[in-house]
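See structure below.
The values are calculated or read from the model by the stated rules, or taken from the named source; none is laboratory data. Just so it is clear, the structure is predicted and the values come from calculations on it, not from any experiment. Note: ideal-geometry Cβ built from the backbone for every residue, glycine included; neighbour counts use all protein chains shown.
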Amino acid sequence: MRIEQHPILQFDRGEKVTFTFNGQKVEGYTSETIAAALHAAGIRELGHSQNLNRPRGLFCAIGNCSSCFMTVDGEPNVRVCVTKLKDGMVVEEQEGKGVVQA
Amino acid sequence: MIRNVEVMVIGGGPAGLCAARAASEAGAHVLLLERDDVPGGQLVKQTHKFFGSERQYAGDRGIFIGQMLVKEVTEDPRIEVMTDATVLGMYEDGVVTVLKDNQHLKFRPKKTIVCTGAAEKFLTFPNNDLPGIYGAGAVQTLMNVGGVKPADRVVMVGAGNIGLIVSYQMLQAGVDVACVVEAAPNIGGFLVHAAKLRRAGVPIRTGWTVKEAYGNGKLEGVILCQLDEKWQQIPGTEVDCPCDTLCLAVGLTPLSELCWQAGCHMEFIRELSGHVPITDENLMTSVEGLYAAGDVSGIEEASSAMVEGRLAGYAVAVSLGYDVERAQKEVEAARAELVELRSGPMGGKIRAGLVKVAEKRGEAGC
């Protein structure tokens, strides 16, 4: 859900775009981060912990804590809380530490 | 290639913006490095009005103060602002390395002011890793920057200023705030913020904590319980509170990694909320030419961060020989403002911390 009315703020969301999350189509806006767009779509589980496979979501939302690492357009360890959304982005849950492509 | 820089400011929050502006205003050339894609730091999400006096823009909302400072800095011909730029390392030979657009850049600044701010603290309880358990700052970013409704129903942990303010901001965003829990016997933040919540019918439970969280794949609720005078959980007082979000506002800790790496003399000072570089009266650390201003040298309000930034910026200008007499007066004016900001009962903790800093200066060689 997005905030439609706010007593102080107005939001310039930019353009509406479509991206995929684990293959599922999701809509968002270009001024949003990937994490914000996923959150607005009700998606909070962004990955799983490496050892105990526990669900993981964001924690700090300012690029500090690494809790939101995902694979974006094939690149692993992307902090989706500080990465702006682009049309056609492929956002996927990351397996383990991810593999950096040569 | 190593690029020479006169003054490098690391971090574009309230301290960094004011540091850059002060150094430049006296005549120095500044490179301001910001990790995010826009400068402003956490001011970009602070919709509440600031306290202090006119010189610290009291009465203005943080977000507008941030916009004004950013405008001043970006329009200043002596300041270069580099965004999406993360400082990776500070080396013994004075080289600072930066990650920008997947490039590894090298700089050699004459003076450096570290204004890296702070990170949110975490709290220990079973299932504290469930998606939906967020830092209060994260929730503030989601709703005030992203325009996303962060929760349907939230429990806030912490009745300091951040917990109170963010709870109120969530009401403004249409979120049902179930309650604020605070382990201490008293509300830590300004009572004016607490009163706004209470008028809206949000209970503030002092002497309470989170016993555990539960949920399948994401947060579905928390069990709250009461604490005794020794901060131990009292069996039988448990209350089940369904919620989809738990917000942690349990304090901040300085992001002082770069100061560690640069070899600054560091001390753990509880009142300053973590390990901090020991600084002298000009906010210079034990490393010659390396300064620290704002939350990185002790957690405080943004108002003090702005004044500390200004102090360090002018002090750097003096050390470089720019407009020395006037810049020195600005340094002294900033010191006096800080004394005033820290003078009330809310400043007791920071004053105690700064006494400890002063005691360590001999050891640190500051």
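For the stretch A:48-87, give me each residue that is outside any loop (DSSP other than H, G, I, E, B) and surrounded by fewer than 24 Cβ atoms within 10 Å (Cβ to Cβ).
Initial filter on the stretch A:48-87 (outside any loop (DSSP other than H, G, I, E, B)): A:48, A:55-56, A:69-72, A:75-79, A:84.
A:His48, A:Pro55, A:Arg56, A:Phe69, A:Thr71, A:Val72, A:Glu75, A:Pro76, A:Asn77, A:Val78, A:Arg79, A:Lys84 - these are the residues of the stretch A:48-87 that are outside any loop (DSSP other than H, G, I, E, B) and surrounded by fewer than 24 Cβ atoms within 10 Å (Cβ to Cβ).
Quick check on this structure: which one of B:Trp260, B:Trp231 is more than 14 Å from chain A (Cβ to nearest Cβ), out of contact with any strand residue (DSSP E or B) (no Cβ under 7 Å at 6 or more places or on another chain) and free of Cβ contacts under 8 Å to residues at least 60 places away in the same chain? Steps first, answer last, please.
Details: B:Trp260 fails: out of contact with any strand residue (DSSP E or B) (no Cβ under 7 Å at 6 or more places or on another chain).
Just a single option satisfies the conditions, and that option is B:Trp231.
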Requested in this report: Out of the residues in the stretch A:21-54 that are touching a Leu at 6+ places or on another chain (Cβ under 9 Å) and among the hydroxyl-bearing types (Ser, Thr, Tyr), state the one that is nearest to B:Asn127 (Cα to Cα).
Outcome: A:Thr33
Query - Residues of the stretch A:26-35 satisfying the condition of being assigned to a loop (DSSP other than H, G, I, E, B) and either more than 9 Å from chain B (Cβ to nearest Cβ) or in contact (Cβ under 8 Å) with a residue 60 or more places away in the chain (or both) - result: A:Thr30
Query - helices (runs of 4 or more DSSP H) within the stretch B:111-204 that include 2 or more residues more than 8 Å from chain A (Cβ to nearest Cβ), over 23 Å from the mean Cα position of the chain (by Cα) and not small (Gly, Ala, Ser) - result: B:191-199
Query raised in the report: Here are B:Gly294, B:Gly274: which of them is surrounded by 24 or more Cβ atoms within 10 Å (Cβ to Cβ) and within 19 Å of the chain's Cα centre (by Cα)?
Result: B:Gly294
Query raised in the report: Going through the stretch B:339-364 one residue at a time, which ones are in contact (Cβ under 8 Å) with a residue 24 or more places away in the chain, surrounded by 12 or more Cβ atoms within 10 Å (Cβ to Cβ) and farther than 17 Å from B:Ile299 by Cβ?
Result: B:Glu340, B:Lys360, B:Arg361, B:Ala364
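Of the residues B:Val81, B:Val87, B:Val98, B:Val73, which single one is buried (at least 18 other Cβ atoms within 10 Å of the Cβ), more than 8 Å from chain A (Cβ to nearest Cβ) and not in a strand (DSSP E or B)? Please lay out each step first, then the result.
Working: B:Val81 fails: not in a strand (DSSP E or B); B:Val87 fails: not in a strand (DSSP E or B); B:Val98 fails: not in a strand (DSSP E or B).
Residue meeting the stated conditions: B:Val73.
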Query raised in the report: Within the stretch B:322-335, is there a residue that is modelled with pLDDT of 95 or more, part of a helix (DSSP H, G or I) and within 16 Å of the chain's Cα centre (by Cα)?
Result: no
Report summary line: Condition set at the interface with chain B (Cβ under 7 Å from one of its Cβ atoms) and small (Gly, Ala, Ser), scope the stretch A:36-48, selection farthest from B:Glu220 (Cα to Cα): answer is A:Ala36
